[in-house]
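Reading through the structure tokens given below for one structure.
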Amino acid sequence: MKRLAFDTETRGLDAFNPEHRPFLVTWYSEDFDTDLPFHFDPDDKEKLAVFQGLCDEADEIVAHNMTFDAHHMRENYGVDVTKCKAKLVDTDILARIVIPSGGWSPPGTYALKNLSATFVDREAKAPEDQIKTWADEIGVKLKSTGGYYQVYRAYPEAMIEYAEKDAEWTYKLYAILEKKLEPKEQEVWALECELLKVLINTERHGDRKSVV
């Protein structure tokens, strides 16, 4: 079983706008033997091709809010995880099944940092707090279009470390939450995973063309 978690850092939220394309892709796995670092510039075609190979080889591809990352990678770089043989896993959806009431602090939030701080690393929120501080120092609104990219340009190494942690926490969060599934939740989770590729294609094409 080869499991691959990945995350994108983008210039904006609209995957169908090339000006919002990812500037950094990070991934994490304990199942592949490769010299590719856990981060790369997706405009580097050679490294992008290696990442595509990892996706093609994986049995499971994991992301937090998978549809967002999947759209960005397909529309901007031609990496379409829905065409891979891998089972697609969204840890956001998994968390909502395992803890439907949002049973942690702050309640009701399923953001990766909140989940990671609860289940993986209690210091998981610290890197984002630091990124916000640096954004303030350079006069950038972090959540504005291009905000994270501006911080990356000013503090590239720090932003890479921040992004790599997101991929690593996603990988580890899945392993932890999967074990918390109750027997009665297994069927629901299996159905959600089967529907994920359909959902991604639906968001791209509309209902009539949404076939896997």
- Which numbered condition residue 151 misses (of (1) closer than 27 Å to residue 40 by Cβ; (2) touching a residue at least 60 places away in the same chain (Cβ under 8 Å); (3) among the β-branched types (Val, Ile, Thr)): (2)
- Message: I'd like the residue in region 83-105 that is open to solvent by 20 Å² or more (accessible area, probe 1.4 Å) and outside any helix (DSSP H, G or I) and, out of all such residues, is farthest from residue 1 (Cα to Cα).
- Response: 105
- Message: I want to confirm something. Restricting to region 172-212 and keeping residues that are open to solvent by less than 70 Å² (accessible area, probe 1.4 Å) and outside any helix (DSSP H, G or I), which single residue is modelled with the highest pLDDT?
- Response: 181
- Residue list for region 29-46, filter: touching a strand residue (DSSP E or B) at 6+ places or on another chain (Cβ under 8 Å) and not in a loop (DSSP other than H, G, I, E, B): 39, 40
- Residue list for region 134-148, filter: without any contact (Cβ under 8 Å) to a residue 40 or more places away in the chain, under 21 Å from the mean Cα position of the chain (by Cα) and outside any helix (DSSP H, G or I): 142, 143, 144
- Given the structure, is residue 163 buried (at least 20 other Cβ atoms within 10 Å of the Cβ), part of a helix (DSSP H, G or I), in contact with a strand residue (DSSP E or B) (Cβ under 7 Å, 6 or more places away or on another chain) and among the hydrophobic types (A, V, I, L, M, F, W, C)? yes
- Note on the structure: Expected single match for open to solvent by 50 Å² or more (accessible area, probe 1.4 Å) and more than 14 Å from residue 40 (Cα to Cα) among 157, 123 is 123
- Taking residue 5 as meeting all but one of (1) crowded, with 17+ Cβ neighbours inside 10 Å; (2) more than 19 Å from residue 160 (Cβ to Cβ), write down the number of the exception. (2)
- Query: In region 1-28, how many residues are touching a helix residue (DSSP H, G or I) at 6+ places or on another chain (Cβ under 7 Å) and either more than 19 Å from residue 171 (Cβ to Cβ) or in a loop (DSSP other than H, G, I, E, B) (or both)?
  - Reply: 11
- Residues satisfying the stated conditions in region 47-82, i.e. in contact with a Lys or Arg (Cβ under 6 Å, 6 or more places away or on another chain) and assigned to a loop (DSSP other than H, G, I, E, B): 58, 59, 80
- Query: Among (1) within 24 Å of residue 179 (Cα to Cα); (2) basic (Lys, Arg); (3) in contact with a helix residue (DSSP H, G or I) (Cβ under 8 Å, 6 or more places away or on another chain), which single condition is residue 96 missing?
  - Reply: (3)
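The values are calculated or read from the model by the stated rules, or taken from the named source; none is laboratory data. On a predicted model such as this, the values are computed, not experimentally measured, just so you know. As a convention, Cβ positions derive from the backbone with ideal geometry for all residues, glycine included, and neighbour counts pool all protein chains shown. Each accessible area value is taken on the protein alone, full model and side chains, heavy atoms only, with ligands, DNA and RNA left out. Shrake-Rupley method; radii C 1.70, N 1.55, O 1.52, S 1.80 Å.
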